[in-house]
1. Under the rule that an exposed site lies in a DSSP loop and has at most 14 other Cβ atoms within 10 Å, name the longest stretch of the chain with no trypsin sites (Lys or Arg not before Pro) of that kind, not counting the sites themselves.
2. If amide hydrogens are placed 1.01 Å from N in the peptide plane, which non-local residues have theirs closer than 5 Å to the one on Leu88?
3. Here are some pairs, Lys34/Lys109; Lys32/Lys79; Lys64/Lys106; Lys32/Lys64; Lys11/Lys55; which of them have Cα atoms lying more than 27 Å apart in this structure?
4. Tell me which label goes with the value of volume of the Cα convex hull per residue in Å³ computed from the coordinates here: (1) 143; (2) 132; (3) 99.
5. Stretch Glu39-Asn116 to full length: gain in nm at 0.36 nm per residue minus the Cα-Cα span?
6. Please list, or write none, the aspartates and glutamates whose alpha carbon is within less than 13 Å of the alpha carbon of Lys26, excluding same-chain residues fewer than 8 places away.
7. What residues have an amide H closer than 5 Å to that of Phe73, excluding those fewer than 5 places away on the same chain, when H is modeled at 1.01 Å from N in the peptide plane?
8. For Ala77 and Ile49 in the same chain, what is the full-extension length gain: residue separation times 0.36 nm, less their Cα-Cα distance, in nm?
Amino acid sequence: RLLSKAQAEDKKSDGSAKISEDFLIKANESVKRKLEAPERVRPTGTKTIADSMAKMAENRENLKTMRSMFETFDATAHKFPHPAFGDLTAHEWLVLIGGHEARHLKQIKNLLAKLN
């Protein structure tokens, strides 16, 4: 939605990702503490690992199709709220996705190490 708004306004980008200092500070602080997901997005335990992996693959493909929009349009004027980080731009949401996956990967590795 954020990129579509920038596209509708024909706001061109120079192709660089613009990340705010505020976002960087909040992201760095978040790795030091446990974050609680809001109830509406908290895992319920009803999805299989296969379903979760398929959804991640689908999301990755969707992001690939949006790459040209990220490179072409400047969506820094448009933001969407995140419960822990506040209002974020499209680029900040993109960074957050990678960080979110990395955080869960670390949790999975720690759990597997305890089981072995």
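1. Working: sites that count: Arg1, Lys18, Lys32, Arg33, Lys34, Lys47.
The longest uninterrupted stretch comes out as 48-116.
2. Here the answer is Phe80, His82, since their amide H atoms fall under 5 Å of that of Leu88.
3. Numbers: Lys34/Lys109 17 Å; Lys32/Lys79 25 Å; Lys64/Lys106 24 Å; Lys32/Lys64 30 Å; Lys11/Lys55 31 Å.
Too far apart for the 27 Å limit: Lys32/Lys64; Lys11/Lys55.
4. For volume of the Cα convex hull per residue in Å³, the calculated option is (2).
5. On the way: separation 77, 0.36 × 77 = 27.72 nm, distance 3.16 nm.
Roughly 24.6 nm would be gained on extension.
6. Asp87, Glu92
7. Ser13
8. Length difference between fully extended and current span is 6.4 nm.
The values are calculated or read from the model by the stated rules, or taken from the named source; none is laboratory data. Values in this document were obtained by computation on a predicted structure and should not be read as measured data. In this analysis, Cβ positions are derived from the backbone assuming ideal geometry, glycine residues included, and neighbour counts consider all displayed protein chains. Only protein heavy atoms, including side chains, enter the accessible area calculation; ligands, DNA and RNA are left aside. Shrake-Rupley method; radii C 1.70, N 1.55, O 1.52, S 1.80 Å.
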